[in-house]
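The values are calculated or read from the model by the stated rules, or taken from the named source; none is laboratory data. Only a predicted model underlies this, so the values are computations on that prediction, with no experimental measurement involved. Please note: Cβ atoms are built from the backbone with ideal geometry, for glycine as well, and neighbour counts cover all protein chains shown. Remember, those area values only see protein heavy atoms, side chains included, never the ligands or the DNA or RNA. Shrake-Rupley method; radii C 1.70, N 1.55, O 1.52, S 1.80 Å.
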Amino acid sequence: MRQFILPIYNCSLLIVFRLAALRLFLTWRVRHPNRHAMWLWAMSVTCELWFALSWILDQLYKLCLVNRVTDLSVLKERFESPNLRNPKGRSDLPGIEVFVSIADPEKESPLVTSNTILSILAVDYPVEKLACYLSDDGGSLLTFEALAETASFARTWVPFCRKHKIEPRNPEAYFGRKRDLLKNKARLDFVRERRRVKREYDEFKVRINSLPESIRRRSDAYNANEELRAKKKQMEIGVGNSVADSVKVAKATWMFDGSLWPGTWTSGEVDHSRGDHAGIIQAMLAPPNAEPVFGSEADGENLIDTTEFDIRLSMLVYVSREKRSGYDQNKKAGAMNALVRTSAIMSNGPFILNLDCDHYVYNSLALREGMCFMLDRGCIFRKIALYRFSPPRTTEHHGWFGRKKIKLLSRKPKSLRRKKKEEDDDEISLRINDDGNDDGDVESLLLPRRTKLSGEKESGWIYGLVTEDVVTGYRMRNRGWRSIYCVTKRDAFRGTTPINLTDRLHQVLRWATGSVEISFSRNNALFASHRMKFLQRVAYFNAGMYPFTSFFLIVYCVMPALSLFSGQFIVASLNVTFLIYLLAITLTLCMLALLEIKWSGITLHD
Ligand SMILES: O=c1ccn([C@@H]2O[C@H](COP(=O)(O)OP(=O)(O)O[C@H]3O[C@H](CO)[C@@H](O)[C@H](O)[C@H]3O)[C@@H](O)[C@H]2O)c(=O)[nH]1
Ligand SMILES: [Mn+2]
């Protein structure tokens, strides 16, 4: 893993220049009050000082950027090539569990979720080391049956991806691409097999889209049947009594095999409503064999020839946690913690990757890239992360900038002391955050399994705050876990975000609420532990403070109107120095924005 500083000197230079200009501007503003309208002057200067502060908080961490590059061949060599200890060259990579959450199949379409699941199952990682869990907070039969359909389509889709190495492995995104599909394709059978798989995918789509209707029809038929039976029974008991019309049968939701669905029913009966139903766990795909299983030639059942390709699929599990009215469900955090406990029994992998149902894997090598950081320095060491909460360390950093180092040898329990060397590694937690085609909504967390077994309070996702992901990440870092921002050449993940105004405003409001909650709680970065680095604190402080800027913005925007009515202005007279400073800070801001756009690699086309 090589590290180098990004060539963004231009950017830094400009930041420093703007900092100087800003200083001049503000000193001038403070020194030259408008004596005719002190109130206006004081208001505007306060706002300007706040804007300056928030801008500085926004820039500070950009002065110290690190870019990291991974080398997947080294990972392969170290963990997947035959050696004395591992003559067969079986993969020694650690297990990863992928958690996907869905809450409402009406808002979050089952087709999108299916595509997400397919992109996960087709990821380039040892099949037996990957397990995928879908948490359904809606407890809906629609999601359940869509997942069953997905598992069956995966038998065609995943071998196709493996054989032809296609990207991205989300069928909707793949078939929707307009680029040359034959680029880099060497196999002769590609076009034929692609056509077949495409047709199969279209049929799959139709099946998924018709599920709501077929579930409704099926349930209606079963319910009518039940009603008839109940009527008959009543007739037999009370002969001659014509109360048959009053027989009431609950409008149940029925599964494919004619049994009652334990989750929520459309009628919302007691024990079958959204916040009140039994827990459901169903393995849709069983855990695979340890050895590769090769497929067969193409025939009526088999769409593509897989004689030389592994056709195993990773484990896929549907989970809908039990819910009872009167208990706080804790939204996504609760769902994730239920998955942590479920997966601990079913696959117990040491790493977790969390995606929302509308995020998907865009780069099939993303998990391997992540592992490069997790397993760096030849050290697979996560058992400690499993049973203890704080990361193992040999040194503690103190002081505002974390420069003071203090050796910590005597603090460890005896049994661990022998492993001191391995414990040097504290790079266990990783956050992959990759903005695909949206503006930063895709946030995925690859984190070491934290355990309920350890008996510690507050393990798992943190409850009680709206933006549980931010708090959970903060708490981990606060305990000293280090994180790495992993940017892959090809976006690791992509996703969708609401684009209609109301949904988007709701989302932004929710995030802002979460930030305010954080800044008024003990999670405020001002109270961070000494294990948090200085710039990290600044970044978290900034994340908590940004919603307050809106207040100052409103005040500042109302000011021209105030000037108009009162005939006063924020400065006594339009002085040349003032205008020059103003011009300088405005121009540098625009130039910085341009530089950042260029640096982020977004083109006008995007
Ligand atoms: O009771 C619930 C509510 C939501 N979710 C799931 O949580 C995820 C995120 O919820 P959503 O309402 O879509 O929020 P977004 O603003 O789109 O999500 C961003 O912001 C959230 C925090 O506010 C984070 O949890 C997400 O990871 C992050 O992508 C979705 O997959 C939901 O299905 C549940 O599982 N149970
Ligand atoms: Mn979402």
**OP:** Leaving ligands, DNA and RNA out of it, work out the accessible area of Trp39 with a 1.4 Å probe and give it in Å² to the nearest 10.
**Re:** 120
Subject >> For Val69, distant residues with modelled amide H under 5 Å away >> reply: Arg2
Subject >> Calculated FRET value between Thr497 and Asp71, using beta carbons and R₀ = 25 Å, to 0.05 >> reply: 0.15
Original post:
Amide H neighbours of Tyr362 under 5 Å, counting only residues 5+ apart in sequence or on other chains, H built in-plane at 1.01 Å?
Top reply: Phe493, Arg494
Subject >> Karplus-derived 3J(HN,Hα), 6.51/-1.76/1.60, for each residue of segment 548-561, Hz, glycine and proline x >> reply: 5, 4, 4, 4, 5, 4, 4, 4, 5, 6, 6, 4, x, 5
Original post:
Say each of Arg199 and Ser563 gets a label point 7 Å from the Cα, pointing the same way as Cα to Cβ; how far apart are those two points in nm?
Top reply: 7.0
**OP:** Return the FRET efficiency for the residue pair Val576, Phe548: r is the Cβ-Cβ distance, R0 is 35 Å, and the value is rounded to the nearest 0.05.
**Re:** 0.55
Original post:
Using 7 Å Cα-to-Cβ label points, what is the Ala283/Ser600 separation (nm, one decimal)?
Top reply: 4.4
Original post:
What is the calculated FRET efficiency for Glu106 to Thr46, with r their C-beta to C-beta distance and R₀ = 51 Å, to the nearest 0.05?
Top reply: 0.65
**OP:** Please go through the residue pairs Lys165/Lys205; Lys163/Lys198; Lys163/Lys489; Lys62/Lys489; Lys76/Lys183; Lys107/Lys331 and name each one whose alpha carbons sit more than 18 Å apart in this structure.
**Re:** Lys165/Lys205; Lys163/Lys489; Lys62/Lys489; Lys76/Lys183
Subject >> In order through segment 343-357: 3J(HN,Hα) via Karplus (6.51 cos²θ - 1.76 cosθ + 1.60), integer Hz, x for Gly, Pro >> reply: 5, 4, 8, 7, 9, 6, x, x, 10, 10, 10, 10, 10, 7, 5
Original post:
Counting only protein chains, not ligands or nucleic acids, how are Met545, Met235, Met476, Met43 ordered by accessible area (probe 1.4 Å), most first?
Top reply: Met235, Met43, Met545, Met476
Subject >> HN-Hα J in Hz across segment 502-512 - Karplus 6.51, -1.76, 1.60, θ = phi - 60°, x for Gly and Pro >> reply: 4, 4, 5, 5, 4, 4, 5, 5, 4, 4, 5
**OP:** List the residues whose amide H sits under 5 Å from the amide H of Ile352, counting only those 5 or more places along or on another chain, with H placed 1.01 Å from N in the peptide plane.
**Re:** Glu97, Leu447, Arg449
Original post:
Which value, in Å² rounded to 10, gives the accessible area of Arg216 with a 1.4 Å probe and all protein chains present?
Top reply: 120
**OP:** Sticking with the crude label model, points 7 Å out along Cα→Cβ, report the distance from Val206 to Asp328 in nm, one decimal please.
**Re:** 4.9
